[in-house]
Amino acid sequence: MRKEKRAEEREMQRLSQGEYFREMPETKINIRKAILTVITAAVLLSATFLYIIQLLSQTNRRETEVYMDELSEQYVSIVDRQMEGELHILSGIGAFIDSHISEEDIYEVLKTENQKNDFLRIGYADRNYQGFYINENGQLIENVDFSAYDFVRSAMEGKQTVSQVYEDVYGPKNIICFAVPVYGGGEISGVLTASNTVDFFSELINRPIFQGKGGTIMISPDGMVFAGNQEEEKQNNFLENNQFPDGEKEKIQAGMAQGEDMDISFQRNGKSYIAAMRSLAYNGWYLVCMVPVEKVNDEFRAAFFLFLAAALVLVILFSVLICYIHHITHKSRKMLNRVAYYDSLTGSYNRNGFDVAAKELLLKNQDYALALFDVHNFKFINYSFGKEAGNALLKYISKVMGEMLRADEVFYHRHADCFGMLIHTRDKEILEARAKGIMKKISEYQVGGGDENYPIYCYCGITVLQMFSETPDLDRMVDRANMAKSTVKGFQGNQLAFYDEKIYWEAERRNRIEQKMEAAFANREFQVYIQPKYDLKSEKVCAGEALVRWISKEGVMSPAEFIPVFEQNGFIVRLDMYMLEEVCRLQKKWQESGHKIYPISLNQSRLAFYQKNYVELVMNIINRFGVRPENIILEITESMAADDSKVVESVTNRLREAGVGVSMDDFGSGYSSLNLLRDLSIDELKLDRGFLMQTEHEKRNLDIMSSILQMAAKLNIRTVCEGVETPEHVNILKEMGCDVAQGFYYSAPIPAVEFEAIAF
Ligand code: C2E
Ligand code: MG
Ligand code: MG
């Protein structure tokens with residue numbers, strides 16, 4: 001409900017701001033939807049990619065673990081073998097010493113052996129732990145007391161031992177010592193020892209792993225690092241310096257106590273590491289191979305971020321592209337919309353726009369009527385005031401329509417000076433008031449900027465919506481409003497007509513006439529009848545009036561039925577010229593057969609008379625048949641002369657100069673102005689039959705008639721009276737001094753042959 005109300009308010013606001021039309025419905029590209037789709041696609045793609053990366057990185061981690069396992073196994077075997085080897089060499093030397101028991105000899109042997117092997121130092125202790133060392137360079141260190149060294153003591157008990165790490169008393173480096181017992185006569189006679197720098201062992205495990213990011217170290221059971229390929233690791237406590245997950249450290253310590261191999265993980269300086277711990281053969285030592293986890297995933301992460309960045313750039317690019325395309329299509333659609341649905345001059349709807357908007361309204365509600373408005377003589381306004389003035393008027397009408405428009409109504413500029421409005425009611429009184437209101441407002445307009453006071457009047461046809469099927473038929477409404485409108489065309493002032501059945505049948509009749517007229521013309525169904533005119537003095541035929549008859553298989557049709565239709569569709573021009581030709585042909589025939597030639601009058605329609613080259617056309621025909629112009633009398637009606645006396649005056653003058661007679665027909669039927677007689681130079685005045693027909697104010701009528709006849713006589717204009725039906729009529733006319741009589745009293749209009757029979 002609230003939504004509807006808001007829509008209504010918006011509509012009212014638009015109308016008040018002079019926007020009379022709604023936006024045409026258009027299939028909008030949902031830009032948000034499009035961008036959302038792109039983003040969703042990008043997110044899905046990224047998620048898939050992330051998942052793949054995760055999988056790859058897991059695989060990679062497993063492979064890393066396998067690699068570290070293999071590597072550490074290799075290192076363990078290298079280190080273990082090295083130590084075993086050292087002990088083995090020592091044992092070999094010890095066996096050799098056994099047979100050369102004197103200390104001098106021992107010294108010599110060891111000196112030689114030391115040169116063969118790459119020990120840092122080699123030494124001998126007797127059972128009292130007294131002895132000597134020989135350095136790498138063969139230098140002798142005498143009187144060494146070995147009693148403080150556990151590993152020597154242990155060897156003295158018969159074990160082959162590897163020592164803990166010692167600070168070297170003779171040098172700057174840490175060392176590891178090896179010791180084996182020496183036997184003499186089946187008894188342990190002393191101990192042979194040798195030492196090597198810790199660096200020597202570090203060298204063994206020095207292969208860089210993971211481009212130097214990983215490391216390999218050797219630790220003692222308490223966690224102290226004593227060898228390794230990374231300087232900073234040395235002299236640290238592996239277990240103390242790293243953070244292990246809760247309880248993990250204890251587990252590691254317990255595992256180490258058991259000599260178990262372990263795969264562990266830990267944190268150092270915020271970085272995660274994985275490590276393989278492998279037990280070495282001596283002293284509870286462990287070899288640890290480690291690598292930062294980050295390193296493992298680094299490449300994948302880099303690839304992922306690269307992809308993410310690419311996806312982001314693509315999303316942005318696509319979004320910009322979509323926005324751009326949307327902008328372009330929206331603009332061009334708007335332009336097309338304008339051209340297709342709006343009138344370029346007034347900015348209001350054109351037929352197409354109205355069709356769409358009106359049908360939309362009619363589907364929602366059937367309480368509607370259609371009013372079509374036209375301006376009287378719009379062509380004349382264009383012609384006299386210029387096209388600019390005409391356009392300004394149309395814009396003004398459009399503005400008035402917009403201002404008079406209510407919610408849920410539309411209007412349009414149909415064509416030329418025709419506007420239409422769909423009015424939201426079926427109530428005739430309201431409709432009449434609204435249409436009149438619109439026309440009154442339009443009439444306030446001053447054409448040409450208001451200097452000249454030319455009155456603007458409209459005529460309007462209205463039809464209320466009638467449902468013939470499920471869907472309202474807008475085309476039929478337009479037809480009906482048009483029919484109603486055409487019934488009031490040409491009347492003075494603002495005019496309004498509602499469509500009804502009568503109008504429908506009238507339109508039907510007109511339609512039938514229009515459909516048949518061309519064929520009838522070709523078949524010469526239009527024939528000349530002549531009504532004789534009688535000279536009142538001699539009571540003899542003195543002239544005739546040509547009147548058209550439409551004679552078809554269906555019978556004779558009176559001009560009163562079809563002339564108004566032809567006058568509206570312009571066909572009358574052809575008919576009038578045709579009648580002139582036929583009359584000329586007739587007179588030519590009379591001329592050739594030596595008969596008297598009677599002047600014949602011809603009715604001239606407004607449209608024929610107003611043709612630009614009218615006089616030339618008439619003269620061409622007359623000259624073509626070679627008849628005398630004096631015998632052709634052209635009848636113009638009083639109303640024609642009253643409408644635009646300037647044009648009529650000039651044409652009449654030119655006709656008369658060419659010798660053609662001019663007669664004013666139906667004088668006294670409208671608002672006759674005696675000025676006409678003053679301004680127009682005519683040969684004949686035909687008094688309307690109304691003068692003789694009227695009985696009510698008979699006396700007054702006849703007085704007027706008498707004065708007109710007198711005045712005409714003074715002006716030297718021949719007078720003819722129409723509708724003479726009785727002998728009384730004849731008498732009155734004779735008394736009044738009328739020249740000629742025409743009417744049923746003498747003869748009805750008759751075919752030419754019959755006229756000839758009477759006249760000759
Ligand atoms: P109009 O020119 O005033 O012609 C006289 C009309 O009065 C004729 O009607 C004629 O039949 C009728 N009439 C003649 N005598 C009497 C009478 O005593 N009593 C009565 N009641 N009527 C009489 P019609 O032939 O039906 O023509 C009607 C009108 O149609 C003509 O009026 C004329 O304006 C027009 N018309 C006829 N033929 C033509 C034509 O070829 N071209 C044009 N433009 N108009 C024509
Ligand atoms: Mg006439
Ligand atoms: Mg007449």
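The values are calculated or read from the model by the stated rules, or taken from the named source; none is laboratory data. Everything numeric in this text was worked out from a predicted model, so none of it was measured. Because the Cβ atoms are built from the backbone with ideal geometry, glycine has one as well, and the counts that use them run over all protein chains shown. Each accessible area value is taken on the protein alone, full model and side chains, heavy atoms only, with ligands, DNA and RNA left out. Shrake-Rupley method; radii C 1.70, N 1.55, O 1.52, S 1.80 Å.
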Inset, instruction - Using the structure shown, decide if Ala658 is assigned by TED's automatic domain parsing to the domain that holds Glu722, open to solvent by 10 Å² or more (accessible area, probe 1.4 Å), more than 16 Å from ligand 2 (Cβ to nearest atom) and touching a residue at least 40 places away in the same chain (Cβ under 8 Å). - result: yes
Legend entry - Subset of region 260-272 (residues that are surrounded by 13 or more Cβ atoms within 10 Å (Cβ to Cβ) and not in a strand (DSSP E or B)): Glu260, Asp261
Inset, instruction - Looking only at region 487-496, decide whether some residue is open to solvent by less than 20 Å² (accessible area, probe 1.4 Å), away from ligand 2 (no atom under 16 Å from the Cβ) and touching a helix residue (DSSP H, G or I) at 6+ places or on another chain (Cβ under 7 Å). - result: no
Inset, instruction - Could you identify the single residue in Tyr445, Tyr457 that is open to solvent by 20 Å² or more (accessible area, probe 1.4 Å), farther than 26 Å from Asn337 by Cβ and in contact with a strand residue (DSSP E or B) (Cβ under 8 Å, 6 or more places away or on another chain)? - result: Tyr457
Inset, instruction - Kindly indicate whether Arg512 is among the charged types (D, E, K, R) and out of contact with any helix residue (DSSP H, G or I) (no Cβ under 9 Å at 6 or more places or on another chain). - result: yes
Inset, instruction - Working only within region 684-718, note down all residues that are in contact with a strand residue (DSSP E or B) (Cβ under 9 Å, 6 or more places away or on another chain) and more than 23 Å from His729 (Cβ to Cβ). - result: Leu715
Legend entry - Checking Gly737 against (1) within 16 Å of ligand 3 (Cβ to nearest atom); (2) on the phi > 0 side of the Ramachandran plot; (3) not hydrophobic (A, V, I, L, M, F, W, C), the condition it does not meet: (1)
Legend entry - Candidates Glu525, Glu501, Glu506 - the one that is more than 22 Å from Val410 (Cα to Cα), without any contact (Cβ under 8 Å) to a residue 24 or more places away in the chain and open to solvent by less than 70 Å² (accessible area, probe 1.4 Å): Glu506
Inset, instruction - State all residues of region 590-604 that are surrounded by fewer than 15 Cβ atoms within 10 Å (Cβ to Cβ) and either of a type outside the set (Lys, Arg) or part of a helix (DSSP H, G or I) (or both); if no residue qualifies, say none. - result: Glu592, Ser593, Gly594, His595
Legend entry - Filter pass, Ser77 being open to solvent by less than 80 Å² (accessible area, probe 1.4 Å), in contact with a Leu (Cβ under 8 Å, 6 or more places away or on another chain) and more than 30 Å from Glu142 (Cβ to Cβ): no
Inset, instruction - Can you work out which of the residues in region 718-739 that are among the β-branched types (Val, Ile, Thr) and open to solvent by less than 10 Å² (accessible area, probe 1.4 Å) is farthest from ligand 2 (Cβ to nearest atom)? - result: Val730
Inset, instruction - Output the residues belonging to region 666-681 that are more than 60 Å from the chain's Cα centre (by Cα), open to solvent by 10 Å² or more (accessible area, probe 1.4 Å) and either more than 22 Å from Ser707 (Cα to Cα) or within 14 Å of ligand 3 (Cβ to nearest atom) (or both). - result: Asp666, Gly668, Ser669, Ser672
Inset, instruction - For Ser663, work out the one condition from (1) within 16 Å of ligand 3 (Cβ to nearest atom); (2) surrounded by fewer than 19 Cβ atoms within 10 Å (Cβ to Cβ) it doesn't fulfil. - result: (2)
Legend entry - Residues being among the basic types (Lys, Arg), at pLDDT 95 or above and either within 16 Å of ligand 3 (Cβ to nearest atom) or within 12 Å of Phe625 (Cβ to Cβ) (or both) - total across region 567-613: 3
Legend entry - Ile397 being in the same structural domain as Gln466 (by TED's automatic domain parsing) and in contact (Cβ under 8 Å) with a residue 12 or more places away in the chain: yes
Legend entry - Test result for Glu649, more than 16 Å from ligand 1 (Cβ to nearest atom), under 23 Å from Met619 (Cβ atoms) and among the acidic types (Asp, Glu): yes
Inset, instruction - Kindly indicate the residue of region 528-541 that is in contact with a strand residue (DSSP E or B) (Cβ under 6 Å, 6 or more places away or on another chain) and more than 16 Å from ligand 3 (Cβ to nearest atom) and also most open to solvent (accessible area, probe 1.4 Å) among those meeting that condition. - result: Asp535
Inset, instruction - Hey, can you tell me all the residues within region 452-462 that are within 19 Å of Ala435 (Cα to Cα) and modelled with pLDDT under 95? - result: Pro455, Ile456, Tyr457
Legend entry - Subset of region 672-688 that is farther than 17 Å from Glu545 by Cα and among the aliphatic types (A, V, I, L, M) - its residue that is modelled with the lowest pLDDT: Leu674
Inset, instruction - Filter region 605-625 down to the residues that are over 57 Å from the mean Cα position of the chain (by Cα) and not charged (D, E, K, R), then identify the one that is surrounded by the most Cβ atoms within 10 Å (Cβ to Cβ). - result: Val618
Inset, instruction - Can you give me the number of residues within region 273-304 that are assigned to a strand (DSSP E or B) and more than 30 Å from Thr161 (Cα to Cα)? - result: 4
Legend entry - Residue identified as within 16 Å of ligand 2 (Cβ to nearest atom) and not hydroxyl-bearing (Ser, Thr, Tyr) among Met619, Met664: Met664
Inset, instruction - Answer yes if at least one residue in region 637-646 is open to solvent by less than 10 Å² (accessible area, probe 1.4 Å), in contact (Cβ under 8 Å) with a residue 24 or more places away in the chain and either away from ligand 1 (no atom under 16 Å from the Cβ) or in the same structural domain as Gly490 (by TED's automatic domain parsing) (or both), and no otherwise. - result: no
Inset, instruction - Scan region 684-717 for residues that are open to solvent by 90 Å² or more (accessible area, probe 1.4 Å) and more than 16 Å from ligand 1 (Cβ to nearest atom) and jot them down. - result: Glu696, His697, Lys699, Arg700, Gln710, Lys714, Asn716
Inset, instruction - Any chance you could count how many residues in region 691-708 are at pLDDT 90 or above and within 16 Å of ligand 3 (Cβ to nearest atom)? - result: 2
